[in-house]
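Remarks on the structure that follows.
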Amino acid sequence: MDRARCAAWDATDPLGRARDAVLLPDGVIYLDGNSLGPLHATVAARLRQVIEVEWGQGLITSWNPSTRGPGWVGLPARVAAKLAPWVGADADEIAVADSTSVDLFKALAAARQLRPGRGVLLTDDANFPTDRYVAEGLADLIGDLEVRVVPTDEVASHLDDQVAVLTLTHVDYRTGARNDAAALTRAAHDVGAVTVWDLSHSTGALAVDLHAWDADLAVGCTYKYLDGGPGAPAFLYLARRWHEVASTPLRGWFGHDRPFAFDPTYVPATGAARFLGGTPPVLSLSALDAALDLRAGISPLDAEAKARTLTSLFIDLVDATLGGQVEVVTPREPAARGAQVSLRHPQAAAVMSALISRGVIGDHRPPDLLRFGFSPLIVRAVDVHDAVEVIADVLATDAWDTPEHRAPRTVT
Ligand SMILES: *Cc1c(COP(=O)(O)O)cnc(C)c1O
């Protein structure tokens with residue numbers, strides 16, 4: 001597609017209206033929404049309201065679930081209800097709290113307890129580092145669990161009756177390759193294991209459908225494609241069939257059935273809400289709440305369809321213009337990838353530094369990957385077109401080959 005056709009496509013894009021309110025610096029093409037979603041004007045306005053009015057004026061009364069005040073006490077549940085459709089879940093199957101790392105700890109511990117007597121937690125060697133750290137920390141703590149790490153394409157063949165838990169990330173953070181979550185969940189269930197999916201790189205960009213997958217537990221990030229803001233609280237999914245039996249090792253009072261009864265005895269809240277820990281982070285939850293409001297009326301299927309269009313366009317333009325200077329490592333079959341495309345180049349760090357200095361913001365993962373995220377609510381077809389032109393120019397002119405761009409970068 002040439003630029004005019006890209007612009008024509010954007011003009012008819014039903015998701016385009018969300019893009020209009022993104023607050024990006026002038027001249028920036030932001031292709032890193034898979035790492036940190038950008039700020040939307042309505043989110044900034046909501047934060048100002050929460051700080052100056054709800055906190056500044058309302059003070060302690062803002063916690064109260066009254067009809068007049070903001071009712072911060074109910075905020076985690078309200079956010080869970082808005083997030084649930086984005087992962088194919090019901091509202092009471094979602095707890096919004098803590099970081100993905102902490103939620104994963106809770107989910108793995110709960111999953112392991114559902115399968116006592118089995119000694120293996122299975123994961124793959126492509127998993128995000130924090131996921132492995134958390135699994136190994138849990139195994140050290142409880143003592144009778146081996147974390148078995150295998151190549152991604154060997155996961156299915158390592159499923160046996162010793163596996164208590166299979167935990168994988170839906171979309172690989174490096175390559176953008178997508179696991180067949182429904183098939184792997186079925187294979188895990190066939191040997192009696194339970195699954196914990198990490199949806200960090202798919203929520204908000206793909207039509208994740210936990211019910212259709214028959215998933216058990218899942219966790220995910222909200223500051224990536226959901227644009228919830230830096231450090232926004234993560235979420236934990238607990239399938240309804242486990243609501244009566246799953247328990248969390250981190251029993252906070254907000255996960256109690258009646259937090260304000262100040263009961264000396266712990267009684268878990270019904271459903272996923274038992275995975276809430278302590279006092280919710282109202283500022284960041286409010287930002288996430290406002291970010292989710294931008295998605296009202298948008299279907300996850302439409303988001304995935306747009307992600308597919310943008311990633312396909314990018315790959316086509318890369319093939320047409322960069323001819324052999326980079327390798328597309330992301331699967332070319334759209335159903336086998338997420339909303340990102342990674343390109344291999346031996347000087348990836350320097351190339352990305354040069355791109356950022358020219359306003360094309362993606363990121364770099366060692367040793368040799370350039371990562372570009374195509375967040376469906378914030379990226380337009382013209383952005384894809386223009387970004388490839390800049391990449392082509394940076395490569396054609398060796399603009400990356402300067403001391404400034406070759407110096408080690410410390411951030412992202
Ligand atoms: C981004 C990401 C995380 C982030 O975890 P935090 O606790 O929020 O730092 C975890 N897992 C995966 C797969 C991710 O992509």
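Going residue by residue through the range 33-52, is there one that turns out to be of a type in the set (A, V, I, L, M) and in contact with a strand residue (DSSP E or B) (Cβ under 9 Å, 6 or more places away or on another chain)? Yes, the conditions are met somewhere in the range 33-52. Restricting attention to the range 87-110, the residues that are assigned to a helix (DSSP H, G or I) and either within 18 Å of residue 221 (Cβ to Cβ) or within 16 Å of the ligand (Cβ to nearest atom) (or both) add up to 12.
When the range 197-240 is filtered for residues that are within 16 Å of residue 376 (Cβ to Cβ) and aliphatic (A, V, I, L, M), the ones remaining, listed by number, are 199, 205, 206, 207, 208, 226.
When residue 261 is tested against (1) without any contact (Cβ under 8 Å) to a residue 24 or more places away in the chain; (2) closer than 26 Å to residue 371 by Cα, just one condition goes unmet, and that condition is (2).
Out of curiosity, is residue 134 within 16 Å of the ligand (Cβ to nearest atom), modelled with pLDDT of 95 or more and not in a helix (DSSP H, G or I)? Answer is no for this residue. Within the range 171-187, the set of residues being within 15 Å of the ligand (Cβ to nearest atom), in contact with a helix residue (DSSP H, G or I) (Cβ under 7 Å, 6 or more places away or on another chain) and more than 19 Å from residue 114 (Cβ to Cβ) comprises 177, 178.
Within the range 134-164, track down each residue that is of a type in the set (S, T, N, Q) and either within 22 Å of the chain's Cα centre (by Cα) or closer than 15 Å to residue 111 by Cβ (or both). Hits for the range 134-164 are 152, 162.
Looking across the range 136-167, just one residue is over 15 Å from residue 183 (Cα atoms), of a type in the set (Gly, Ala, Ser) and either touching a helix residue (DSSP H, G or I) at 6+ places or on another chain (Cβ under 6 Å) or not assigned by TED's automatic domain parsing to the domain that holds residue 236 (or both), and that is 164.
With respect to (1) among the acidic types (Asp, Glu); (2) assigned by TED's automatic domain parsing to the domain that holds residue 360; (3) surrounded by 12 or more Cβ atoms within 10 Å (Cβ to Cβ), the lone exception for residue 20 is condition (3). Looking only at the range 137-158, residues that are within 16 Å of the ligand (Cβ to nearest atom), in a strand (DSSP E or B) and either at pLDDT below 95 or surrounded by fewer than 18 Cβ atoms within 10 Å (Cβ to Cβ) (or both) come to 1 in all. Any idea which of 80, 84 is in contact (Cβ under 8 Å) with a residue 12 or more places away in the chain, under 19 Å from residue 299 (Cα atoms), assigned to a helix (DSSP H, G or I) and out of contact with any Leu (no Cβ under 7 Å at 6 or more places or on another chain)? Only one candidate qualifies: 80.
Yes or no, residue by residue, for (1) at pLDDT below 95; (2) touching a Cys at 6+ places or on another chain (Cβ under 9 Å); (3) not small (Gly, Ala, Ser):
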{"site": "351", "(1), (2), (3)": "no, no, yes"}
{"site": "387", "(1), (2), (3)": "no, no, no"}
{"site": "396", "(1), (2), (3)": "no, no, no"}
{"site": "401", "(1), (2), (3)": "no, no, yes"}
{"site": "409", "(1), (2), (3)": "yes, no, yes"}
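For the range 310-348, the set of residues classified as under 30 Å from residue 46 (Cβ atoms) and either among the polar types (S, T, N, Q) or out of contact with any helix residue (DSSP H, G or I) (no Cβ under 8 Å at 6 or more places or on another chain) (or both) consists of 340 only.
For the range 165-178, name all the residues that are within 20 Å of residue 147 (Cα to Cα) and under 15 Å from the mean Cα position of the chain (by Cα).
168, 169, 170, 172
Residue 168 meets all of the listed conditions (1) within 11 Å of the ligand (Cβ to nearest atom); (2) touching a residue at least 60 places away in the same chain (Cβ under 8 Å); (3) not in a loop (DSSP other than H, G, I, E, B) but one, namely (2). In the range 23-30, is there at least one residue being hydrophobic (A, V, I, L, M, F, W, C), touching a residue at least 60 places away in the same chain (Cβ under 8 Å) and part of a helix (DSSP H, G or I)? Within the range 23-30 (the criterion being hydrophobic (A, V, I, L, M, F, W, C), touching a residue at least 60 places away in the same chain (Cβ under 8 Å) and part of a helix (DSSP H, G or I)), the answer is no, since none of the residues qualifies.
The values are calculated or read from the model by the stated rules, or taken from the named source; none is laboratory data. Treat the numbers as computed from the prediction; the structure is a model and nothing was measured. Positions of Cβ are backbone-derived with ideal geometry, glycine not excepted, and every protein chain shown enters the neighbour counts.
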